[in-house]
Amino acid sequence: MLIDTHCHTNFKIFKSQVDQVIARACEAGVDRLIVVGSDLKNSRLAVRQAKVYPEIKAAVGVHPHHVWRFLEKAKSQAQVTGESLDDLRLKVVETVREQLVELIKASPQEVVAVGEVGFDRHFYEKTQYETLEITQEYLSWQQAFFIMQAELARDHDLALIIHNREAVEDLLKVFAKRPDLILPQKTVFHCCEPDERLLEFAKKHRFFLGVDGDVTYDHKKAKFIQQVPLEMLVLETDSPYLLPEPERSQKQGLRFKDRAAEPRHVAVIADYVANLKKVKLTELKKQTTLNASLLFSLTEPVA
Ligand SMILES: [Zn+2]
Ligand SMILES: [Zn+2]
């Protein structure tokens with residue numbers, strides 16, 4: 001048994017293919033999927049998929065990259081109404097909180113986590129937001145969204161899936177100020193950057209670290225994962241992104257749609273990490289499945 005602890009079958013690229021994607025995952029021994037939201041719309045879809053497929057559980061949340069949409073909208077509104085952006089931030093965060101609470105309360109069997117949420121300072125060459133820049137204003141919105149969503153995980157006893165890209169300090173600063181948001185054994189640094197500060201913090205507070213397909217081609221990451229105790233690791237694909245080797249090389253140059261990673265690739269990642277850490281594959285599968293079950297409080301077997 002393997003669990004993909006982070007995938008996006010709720011993304012457009014998998015539209016009308018979810019049946020086949022799950023069938024291929026099960027064939028590869030991946031029989032449980034955590035489908036993660038990045039905005040309100042695809043969080044709702046993650047929950048709907050969890051209602052249809054017994055293999056799926058859902059995470060709901062707004063990704064820091066998509067916080068930009070809320071900020072943009074608020075800026076145009078401020079120009080019309082003359083309201084301050086600070087006031088609007090409070091209002092917007094409250095509205096999003098209400099919508100997430102509604103989703104969580106309506107589907108207690110399906111929703112196991114809040115995510116993915118956090119901080120992102122990366123400059124994306126391809127993004128739907130043409131004007132996006134990493135400003136102090138934007139970071140303060142990311143922070144407000146993160147705090148609100150971490151509070152939701154804490155208050156509803158859900159796991160917290162943290163996305164961090166090039167923003168370790170922003171993230172750790174919040175935890176230093178708000179120790180009430182540190183949820184031991186209920187938090188994962190998803191697609192964890194190879195950073196000693198994150199590893200140290202995770203060890204101290206018993207967080208889990210997510211390892212993805214990029215471990216098969218990113219040497220820095222592979223070296224980092226070698227040092228992470230097995231008791232802290234969970235496997236994830238972040239599909240459709242991060243297709244692992246050897247398929248990554250074989251499919252180079254194809255359209256994104258034709259080189260999308262899928263939950264089945266957790267089996268490839270498991271193999272690679274077992275070799276990397278010099279442990280038996282059966283042991284790696286057993287421990288990472290146990291870790292994921294603990295993180296998401298998964299108890300009942302897949303139907
Ligand atoms: Zn992410
Ligand atoms: Zn993701």
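Could you tell me which helices of the chain pass both thresholds, a Cα extent of 30 Å or more along their own axis and a mean Kyte-Doolittle hydropathy of at least -1.0, with helices taken as whole DSSP H runs?
Values: long enough: 85-106 (31 Å, 0.16).
Passing helices, by number: 85-106.
To the nearest 500 deg cm²/dmol, what mean residue ellipticity at 222 nm is calculated for the chain from DSSP H runs of n ≥ 4 alone, each contributing -39,500 (n - 2.57), summed and divided by the residues? Present the calculation step by step, with values, prior to reporting the outcome.
Values: 11 runs with 143 residues, N = 303.
Counting only the DSSP helices, I get -15000 deg cm²/dmol.
Could you work out how much longer the chain between residue 137 and residue 293 gets when fully extended? Use 0.36 nm per residue separation minus the Cα distance between them, nm to one decimal.
52.4 nm
Among the lysines, which have Cα under 17 Å from the Cα of residue 41 when same-chain residues fewer than 8 positions away are ignored?
Once the sequence-local lysines are set aside, what remains near residue 41 is 12, 15, 51, 57, 73, 105.
Can you put 157, 195 in order, fewest other beta carbons within 10 Å first?
In order of increasing Cβ crowding within 10 Å: 157, 195.
Students often forget the sequence filter, so: which aspartates and glutamates lie under 16 Å Cα-Cα from residue 280 once same-chain residues fewer than 8 apart are removed?
231, 271
Would you list which lysines come within 19 Å of residue 75, measuring only between C-alpha atoms, while excluding same-chain residues fewer than 8 positions from it?
Result set, ordered by chain and number: 91.
Filter the trypsin sites (Lys or Arg not before Pro) in region 44-134 down to the DSSP loop ones having no more than 16 other Cβ atoms within 10 Å, then list what survives.
Those that pass, being in a loop and sparsely packed, are 121, 126.
Of 177/285; 126/220; 126/186, which pairs sit farther than 29 Å apart, going by alpha carbon to alpha carbon?
177/285; 126/186
Report the extension gain between residue 218 and residue 12 in nm, rounded to one decimal, defined as 0.36 nm multiplied by the number of residues separating them, less their alpha carbon distance.
71.4 nm
Once the Cα gyration tensor of region 2-295 is found, what semi-axes does its equivalent ellipsoid get, as square roots of 5 times the eigenvalues, in whole Å, sorted largest first?
Numbers: eigenvalues 181, 88, 75 Å².
Working from the Cα gyration tensor, I get semi-axes of 30, 21, 19 Å.
Could you compute the longest span of the chain free of GluC sites (Glu not before Pro) located in DSSP loops and having at most 10 other Cβ atoms within 10 Å, not counting the site residues?
Looking at the chain, 134-303 is the longest stretch - no exposed GluC sites (Glu not before Pro) with at most 10 other Cβ atoms within 10 Å.
Any read-out appearing in this document is the output of simple, stated calculations on the displayed coordinates, not a laboratory observation. Everything quoted here is computed from the prediction, not taken from an experiment. As a convention, Cβ positions derive from the backbone with ideal geometry for all residues, glycine included, and neighbour counts pool all protein chains shown.
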